[in-house]
Amino acid sequence: MRLRKTAAKNPPTSLKSESLEAFRMHPEGQRLTTDQGIPISETDNSLKAGVRGPTLLEDFHFREKMMRFDHERIPERVVHARGTGAHGYFQVYKSLEKYTQARFLTDPSLRTPVFVRFSTVGGSRGSADTVRDVRGFATKFYTPEGNFDLVGNNMPVFFIQDGIKFPDFVHSVKPEPHNEIPQASSAHDSLWDFVSLVPETAHMVMWLMSDRAIPRSLRMMEGFGVHTFRLVNAEGKATLVKFHWKPLLGMHALVWDEAQKLSGKDPDFHRRDLWEAIEAGNFPEFELGLQLIPEEDVLKYGFDLLDATKVLPEEQVPVQRVGKLTLDRNPDNFFAETEQVAFCVANVVPGIDFTNDPLMQARLFSYLDTQLTRLGGPNFAEIPINRPLAPVHNHQQDGFMRQAIPTSRANYHPNSLGGGCPFLANPKEAFNHLQERVDGRKIRARSESFNDHFSQATMFFKSLTQPEQEHLIAALEFEVSKVERAEIRERVVNQILVNIDMGIATRVARAVGVAPPKPVKPPKAGKKVKNTVESSPALSMDNTVKDSIKTRKVAALVAEGFAGKELAHVRKRLESEGAIVEVVGPSLSPVKGDDGDTVVPLKTYLTASSVMYDAVYVPGGARSVEMLKKVPLAVDFVREAFVHCKPLALSGEAGTLLDTAGVAQLAPAPPAKGVDAALGVVRSVKTETKGFSQLFVSAIAAHRHWAREAPPPA
Ligand code: HDE
């Protein structure tokens, strides 16, 4: 897909976009100048004393150009450094005034502009997109009452319960301090050392080892506010709330081997996917979901809703879908927007409030604090992407990079010199902190209600389908095998995994060279919090929607002599269903089909790879197939697509490529007549057989065909 120019395609439509226009630089038809606006006619040679002489200090253009270059970098985010952003809007379906006074949730006619930044957590700015990690999902709503930031993740729980442990946790997962290895990976001693010593990590570690940690696309993953928040209505009545984002394309994952290969083949895989989808007008959509819980039910579900290591199963409190987020515009400039955007959990509007979750409380401090350093001073709310659409007036002043020019002589409150302005807002419209009764002893301790660390880890595992469970165990085996210290591997098995599931512990123990674990004593009565449900089907990605192939990428592998009519037919069908078909050939020169027509490949066997696609199709044509068999990279295409359980469509002679790829013995027998699609391998006896395209469409919609995977060891 070669696409460019979001700006031309999607002209500014939102108020936020209009507000950014004042800051956009449009170089078209403009002459080159210095930062002072002085016209420059030569920028390739410095000013010298003679053409072979020394450069002169007087050369202000050279000095300015070099000074600006020398200072282009700012500190990357201490976590979530790698990210990608998009503009869009949010619209609520119907008024939620019963629960909240927040305008963007009560006025269905309002399209609230948003900026979203997706991220990985552990890697640095240049790290690969498809690593095993949590994904950040941060949304800034530019509401009429000021900015609301929902700074969430794609997993509903977290590693720790109290924010004071965040520096410890992050130090352990980041590259190790002595050699800065490994980059963007949790498969190393210090993380698993921490995990083995801190049982509250158990539940989140199960999520991290699951397929949720390797999403197929940022457009195909859920988002969660994680903490329990509060909605507050105009009467001051509060309701506890859990925020969710539900992707309309469903949730889908990569395969771990594929994710690792993609890190090399296309480290920008997720960033590119998001960018291209928006450029092509395939705007990502997520529904906002709310779980609403009466205040008095905070301890009703067998755990404490203030504990961020727990999920509230959807089967117990259903997620109500209340509105939709649409991402419809790529940023104009990565640095100015995606890098400089500053989210903060403390940015709430009237109608939304916090709770005493000790993880959330720590975050209320951390974001502003880190941004002070990252963005070079206290005025970062004035950077265009961070400016609210709501007017800003206060007595805050000065500091590095101040942009606004206060015009009043009064810079204090109360004042008479400025006529008392800015005047205090009407309390009915202002943000009022919920008057929650708080009393207690000053104490550095954790609530008893936070004690159970394993029940929900077990519930999560039980909620997965068998293939998902196998992936999770394989991920644990992979990660813990990479731990060099035997005592850490031993502790992971005997302190953590045995408490989650003996089956997992036994399998991982064997894989990582630890003696088979002994069954654990059941916890003392009263200590273990009872799960109110044993499993939650909503937690399985396999239960997601699988009814569409919209935006799925399909590679059509061709060589000279391919079945031309068939390719045209299949392509048309897939494209009519919203898929993207890319022809991959021996070179970028036209390739002739058996009908004399030519296609021009967009990629070659050298530049593309099966891991970049959702499905692979090889049209028939004896000559083409024979040529493909002689090219190892083309054969790899078929082999990898098969191993990664992707839909494969091989028509006529192309079916024999499975033999060449060495996977025929794992595939179902070829059809004796007509077409067949067992295990997601669509094959036909002849080319263009009726029903071939339809079966392929269904196989792609199913996403992956796990039944092809080798069975677990006995
Ligand atoms: Fe963050 N987190 N976090 N975090 N977080 C940051 O803020 C922090 C946590 C999340 O795209 C930092 O501006 C603490 C949970 C996202 O710009 C920093 C704790 C969740 C992003 C910070 C947490 C998140 C961040 C780094 C434990 C999901 C990226 C740069 C108490 C609900 C936002 C920055 C973006 C970024 C602190 C835990 C989500 C250091 C102290 C839980 C999506 O302030």
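All of the numbers you see were taken from the coordinates with simple rules; none came from a lab. None of the values given here were measured: they were computed from a predicted structure. Please note: Cβ atoms are built from the backbone with ideal geometry, for glycine as well, and neighbour counts cover all protein chains shown.
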- request: Could you run the Debye sum over the Cα atoms of the chain, one equal point scatterer each and no solvent, and tell me log10 of I(q)/I(0) at q = 0.09 Å⁻¹, two decimals?
  value: -0.91
Overall dimensions of segment 453-543 by Cα: Rg and Dmax, Å: 13.8, 38
- request: Find how much the distance from S698 to D189 grows on full extension, using 0.36 nm per residue of separation minus their present alpha carbon separation; answer in nm with one decimal.
  value: 178.9 nm
Dipole magnitude (debye, nearest 20) for segment 51-169, charges at Cβ of Lys, Arg, Asp, Glu: 280 debye
task: Determine the principal axes of the Cα atoms in segment 382-461, then give the extent along each, sorted from largest to smallest and rounded to whole angstroms.
output: 62, 34, 27
message: At 4 °C and a viscosity of 1.567 mPa s, what translational diffusion coefficient does Stokes-Einstein give for segment 5-113, taking Rh as the Kirkwood radius over Cα pairs? Give it in µm²/s as a whole number.
response: 66 µm²/s
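For segment 396-510, what's the relative contact order in percent, using C-alpha pairs closer than 8 Å and at least 6 residues apart?
16 percent
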field: For segment 243-401: rounded, prolate or oblate by the Cα gyration tensor [a/c cutoff 1.5]
entry: oblate
query: Which peptide among 257-263, 160-166, 20-26, 368-374 comes first, and what is the full order, when sorted by highest mean count of other Cβ atoms within 10 Å?
result: 257-263, 160-166, 368-374, 20-26
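How long is the gain from E58 to L110 if the chain were fully straight, where each residue apart is worth 0.36 nm and the alpha carbon distance is subtracted? The partial results should precede the final answer.
Values: separation 52, 0.36 × 52 = 18.72 nm, distance 5.55 nm.
Between E58 and L110, full extension yields an extra 13.2 nm.
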- prompt: Cβ under 13 Å from V591's Cβ, V591 left aside: what net charge do those residues give with Lys, Arg +1 and Asp, Glu -1?
  reply: -1
task: Along Cα→Cβ, 7 Å out, is where each label goes; now give me the distance between the ones at S587 and K94 in nm to one decimal.
output: 6.3 nm
- prompt: With charges only on Cβ, +1 for K and R and -1 for D and E, what is the dipole size of the chain about its Cα centre, in debye, rounded to 20?
  reply: 440 debye
message: How far apart, in nanometres, would the label points at E296 and E626 be if each is projected 7 angstrom from Cα along the Cα-to-Cβ direction?
response: 8.2 nm
- prompt: P(r) of segment 61-197 in 10 Å steps, Cα pairs, percent per bin?
  reply: 10, 29, 26, 21, 12, 2, 0
statement: Taking 0.36 nm per residue of separation between S449 and N411 and subtracting their Cα-Cα distance, the length gained on full extension comes to 8.9 nm
query: When the helices in the chain are scored as -39500 (n - 2.57) per DSSP H run of 4 or longer and the sum is shared across all residues, what 222 nm value do you end up with, to the nearest 500 deg cm²/dmol?
result: -7000 deg cm²/dmol
query: If packing is taken as the mean number of other Cβ atoms within 10 Å per residue, what is the order of 476-482, 216-222, 416-422, 281-287, highest first?
result: 216-222, 476-482, 281-287, 416-422
FRET efficiency for N543 and D168, using Cβ-Cβ distance with R0 set to 41 Å, rounded to 0.05: 0.70
- request: Return the subset of K165/K265; K265/K546; K572/K630; K265/K646; K550/K592; K140/K462 for which the Cα-Cα distance in this structure is over 24 Å, preserving the input order.
  value: K165/K265; K265/K546; K572/K630; K550/K592; K140/K462
message: Rounded to the nearest angstrom and ordered from largest down, what semi-axes does the equivalent ellipsoid of segment 553-708 get from its C-alpha gyration tensor (root of 5λ)?
response: 20, 16, 16
field: Normalised contact order of the chain, rounded percent, pairs of Cα under 8 Å and 6 or more residues apart
entry: 12 percent
